[in-house]
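No value in this document is a laboratory result; all are computed from the given coordinates. The shown structure was predicted, so the numbers you read here are calculated from the model rather than taken from an experiment. Note: ideal-geometry Cβ built from the backbone for every residue, glycine included; neighbour counts use all protein chains shown.
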Amino acid sequence: MTRILSNERILNVPNILTLARILLTPFIVYAILEQQPRLALLLMAAAGLTDMLDGAIARLFNQRSTVGAYMDPLADKLMLISSIVTLYSMNMIPLFLFLAVIFRDLIIVIGAIAYEIVTHKLEMRPTVTSKITTFLQILLVLAVLSDAAWHIWPASWLQDLAWLTFTLTVLSGIQYMVVWMGKALHDERT
C-alpha cells in the first residue's frame with residue numbers, strides 16, 4: 001500500500017462513491033428481508049455502478065488514495081457478506097455455502113492481522129483464485145435474487161452454482177493460508 005500523501009484528499013469523488021456503496025448495503029439487506037428481490041437487485045446494480053465509477057474516476061483524474069484503497073474492497077466485502085448472511089437467514093442459500101464464505105473471510109482477516117503483526121509487511125493482493133471466488137459469490141447472490149424475482153433458473157443450475165462457489169471459496173481460503181504461512185516463514189528467516 002502506498003503511504004498517505006500530505007496533499008491526498010480523503011473526501012474525493014471516488015471515496016464518496018465508495019461511501020455511497022457502503023450506505024446502500026443496509027437498504028439491500030432490508031429489501032432482501034422484505035422479500036423485495038427486484039428492489040435488492042436494483043440497489044445492487046446501483047452499488048455496482050458506483051464500484052465501476054469510483055475506480056475509473058480515481059484512475060482517470062489521478063484521485064487514488066490510501067483511504068480509497070482500503071475502503072473499496074471493504075465496501076465490496078461488506079455488501080457481499082451482508083447479502084450472503086441475509087440470504088442464508090431467509091433460507092435462500094445453503095448452510096454449507098454460508099459457513100464456507102464466513103470461515104474463508106475469517107481466515108483472511110485473522111491471517112492478515114497475524115501476518116502484519118509478525119512481518120509488518122502486509123500487502124493485500126488478491127489471487128486469481130480469490131478473484132474467481134468473489135465473482136462466483138456475486139454471481140450466486142445475483143442468481144438467487146433474480147430467481148426469487150422471476151423464477152428463471154432451474155433448481156439444478158442454482159445448486160451446481162452453489163457447489164462451484166463453495167469449492168472455490170474453500171480453495172481460496174486454503175490458498176490464502178498456505179501463501180501467508182509461506183511468506184511469514186520466508187520473512188522470518190531473512
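Odds and ends about this structure:
- Cross-link partners of K131 among lysines (Cα-Cα below 17 Å; sequence separation of 8 or more within a chain): K77
- Compared with the direct C-alpha span, the chain from M90 to L33 gains 19.8 nm at full extension, assuming 0.36 nm per residue.
- Residues in region 50-93 reached by a label modelled at E116 [backbone nitrogen below 15 Å; 7 Å Cα→Cβ]: 66-75
- Over the chain, Cα pairs under 8 Å with separation of 6+ residues give a relative contact order of 25 percent.
- In a DSSP loop and with at most 15 other Cβ atoms within 10 Å, the chymotrypsin sites (Phe, Trp or Tyr not before Pro) in region 46-145 are F61.
- Global size of region 93-190: 16.4, 57 Å for Rg and Dmax (C-alpha atoms, Rg to one decimal, Dmax whole).
- Only Lys, Arg (+1) and Asp, Glu (-1) charged, at Cβ; region 93-190 dipole about Cα centre in debye: 200
- Spin-label pair L74/V13, simplified geometry with 7 Å Cα→Cβ offset, distance in nm: 2.3
- Cβ-based charge dipole, the chain, positive-most Cα from L139, A112, I81: A112
- Share of Cα-Cα pairs in region 28-134 lying beyond 24 Å, as whole percent: 37
- Sorting D160, D105, D54 from the fewest to the most surrounding beta carbons within 10 angstrom yields D160, D105, D54.
- Cα pair count fraction exceeding 16 Å, expressed as % - region 9-91: 49
- Cα pair count fraction exceeding 22 Å, expressed as % - the chain: 53
- Cα-centre dipole for the chain with unit charges at Cβ (Lys and Arg positive, Asp and Glu negative), debye to 20: 360
- In loop segments of region 108-190 as defined by DSSP, the trypsin sites (Lys or Arg not before Pro) with at most 15 further C-beta atoms inside 10 Å of their C-beta are K121.
- Mean Cα-pair separation over length for region 93-190, i.e. relative contact order, pairs under 8 Å, 6 or more apart, %: 49
- Longest DSSP-loop-exposure-free segment, GluC sites (Glu not before Pro), the chain, at most 14 other Cβ within 10 Å: 35-122
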